[in-house]
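Below is one structure, written out as structure tokens, with a few remarks after it.
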Amino acid sequence: MADNTSTGCSLVVGIVPGQHRVVFEEAVALAHALGATLHFSYIDTSSIGDLHRYVADDALGSFPGILPIDPDAPNDTWERVGAEVEQQVATALDGSGVTWSFSHVAGEPVEMLGRIADAHDARYIIVGTREPGPGPRLRELLGGSVASGLAHQQRRPVLVVPLRPNGK
């Protein structure tokens with residue numbers, strides 16, 4: 001994690017594997033403008049309903065994670081994906097001069113981003129728009145838009161970063 005002179009202001013950034021670089025760029029720009037700390041969160045929904053894993057709160061009961069039913073089972077997908085996303089954040093913020101943290105939790109994204117924002121007393125929640133294409137559009141139709149859900153259920157402002165600025 002990088003150091004900067006933080007004012008104590010926090011920003012929560014919801015990210016996904018392969019997150020578009022513009023989300024990182026906008027989060028860093030806002031963090032610099034506000035002297036804020038960035039708290040990146042990957043909310044994993046893929047393992048919910050997996051017959052080999054279950055959702056459990058951490059020791060403080062604040063953020064759920066995914067634990068194996070059989071701890072000796074050879075499935076390390078949860079840990080591997082979390083480590084890959086954290087590395088993506090580290091690479092994107094390398095040299096940015098911004099203080100940041102990363103969390104990898106399980107659950108419904110709108111609810112969890114709200115809980116994480118509450119825990120950090122975040123000033124804003126930042127998310128990207130969905131990627132273009134039929135797959136993301138179908139997931140949005142079935143599960144709803146995270147950005148829309150946040151905008152309607154949060155008491156704090158939500159910054160939605162377009163992934164294709166200027167139609168590019």
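Every read-out reported here was derived from the displayed coordinates using simple, explicitly stated rules and does not represent laboratory data. All figures in this text were calculated on a predicted structure; none of them were measured in a lab. Neighbour counts are summed over all protein chains in view; Cβ atoms, including those assigned to glycine, are modelled from backbone coordinates with ideal geometry.
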Arranged by the count of other C-beta atoms within 10 angstrom, fewest first, what order do 105, 22, 127 take? 22, 105, 127
Going fewest to most other Cβ atoms within 10 Å around each Cβ, 23, 13 line up as 23, 13
With labels modelled as points extended 7 Å from the Cα through the Cβ direction, what inter-label distance (nm, one decimal) is found for residue 22 paired with residue 84? 2.4
Which cross-chain or sequence-distant (5 or more) residues have an amide H under 5 Å from the amide H of residue 124, H modelled 1.01 Å from N in plane? 12
A correct Karplus calculation of ³J(HN,Hα) over the range 112-128, with 6.51 cos²θ - 1.76 cosθ + 1.60, θ = phi - 60°, whole Hz and x for Gly and Pro, returns 5, 4, x, 5, 5, 4, 5, 4, 9, 6, 5, 7, 9, 10, 10, 9, x
